[in-house]
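The values are calculated or read from the model by the stated rules, or taken from the named source; none is laboratory data. The structure presented is a predicted model; accordingly, all values stated were derived computationally and were not measured. Every residue, glycine among them, receives a Cβ derived from its backbone with ideal geometry; neighbour counts consider all protein chains shown.
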Amino acid sequence: MLASSTPGGGPATASHCRRTRSSSTPRWRRPSRGSRSVSAGCGSHPYGLCSSWGSSWPATSCQPAESFSSRSQALGCRGMSDLYELLITAELPADLSDAELAELRWHLGRGPEPKEFTIVTDFEVEYVGDGDPAADVADDSWKTRREPLMARRGPSDARVGGVDFSELALRQGRHPAWVLTSRQEIHGPTHWNMLIEMIRWLERRTTSPWGEEGLNFYLRHCEDTTLRAARLNGERIVSREDPGQLL
């Protein structure tokens, strides 16, 4: 049973914290299954927001909206929108394995779902049971929902603007390589863990004939006007120019 109070003053029971499929809701942890994340929303709170933002806060209770506001300010979040523009360019070895190419193409919307996942494994887990998701550990109450990270094409959300696309092509000749460019609209809480895993893999696999970094990626919050160069710092995505600044 979830024990914290709702904005209306009553206890937040399982009926208050119902599962939602919205991609804009925060992610939280399946109880006793810490390696998998789920997306959940609290129907009694404004915007369907629960206490967890990303994978660092376990959802042991649902917090009033005021708690989310203070935490989001601490994280540098702007407003209530979680939409970002993502731009990635990468130079990958020309001898990528068939399995790597198949998984990468699926993430770019260029191929079918692969049989095995090794690049990104931290997919969302949906609660499909009929009890309290904070206490239900039955395997048949949870379902992994796999979706590609960079497969969108066409107009972005109006708050982001522009067009989403992804391309992967083989450069031949003197400097052979698989070259990737992707410009996407992403949802921060839903896609953050997947993006971090993808960037880690790209960092390991990128190459450059000039001995420089073969990977560049940039982020822009939809309320900003500047696309900022980014990099990983542990489990965080930070500004390349100012590693102390979270993006």
Out of all the residues in segment 123-133, is one or more surrounded by 13 or more Cβ atoms within 10 Å (Cβ to Cβ), under 23 Å from ARG240 (Cα atoms) and among the aromatic types (Phe, Trp, Tyr)? no
Just checking, how many residues over segment 224-236 are closer than 17 Å to VAL160 by Cβ and either part of a strand (DSSP E or B) or in contact with a Cys (Cβ under 7 Å, 6 or more places away or on another chain) (or both)? 2
Filter pass, GLU203 being out of contact with any helix residue (DSSP H, G or I) (no Cβ under 8 Å at 6 or more places or on another chain) and either touching a residue at least 24 places away in the same chain (Cβ under 8 Å) or acidic (Asp, Glu) (or both): yes
Output the number of residues of segment 100-141 satisfying the condition of being in a helix (DSSP H, G or I) and either aliphatic (A, V, I, L, M) or more than 20 Å from SER166 (Cβ to Cβ) (or both). 6
Name the single residue, out of those in segment 79-99 being part of a loop (DSSP other than H, G, I, E, B) and either over 30 Å from ARG174 (Cα atoms) or hydroxyl-bearing (Ser, Thr, Tyr) (or both), that is modelled with the lowest pLDDT. GLY79
I want to confirm something. Restricting to segment 206-217 and keeping residues that are out of contact with any Ser or Thr (no Cβ under 9 Å at 6 or more places or on another chain) and in contact (Cβ under 8 Å) with a residue 24 or more places away in the chain, which single residue is surrounded by the most Cβ atoms within 10 Å (Cβ to Cβ)? THR206
When every residue in segment 226-247 that is within 19 Å of PRO189 (Cβ to Cβ) and of a type in the set (A, V, I, L, M, F, W, C) is compared, the one modelled with the lowest pLDDT is LEU247
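For segment 179-223, which residues satisfy the criterion of being of a type in the set (Val, Ile, Thr) and either part of a loop (DSSP other than H, G, I, E, B) or over 15 Å from the mean Cα position of the chain (by Cα) (or both)? Working first, answer last.
Here is the first cut: in segment 179-223, the residues of a type in the set (Val, Ile, Thr) are 179, 181, 186, 190, 196, 199, 206-207.
The answer is VAL179, THR181, THR206, THR207.
Suppose we filter PHE123, PHE117 for residues that are farther than 25 Å from CYS222 by Cα and modelled with pLDDT of 80 or more; which single one remains?
PHE117
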Residues of segment 183-198 being surrounded by fewer than 20 Cβ atoms within 10 Å (Cβ to Cβ) and among the aliphatic types (A, V, I, L, M), which ones? ILE196
Residue check: is ALA94 more than 25 Å from ILE237 (Cα to Cα), in contact with a Leu (Cβ under 7 Å, 6 or more places away or on another chain) and surrounded by 14 or more Cβ atoms within 10 Å (Cβ to Cβ)? yes
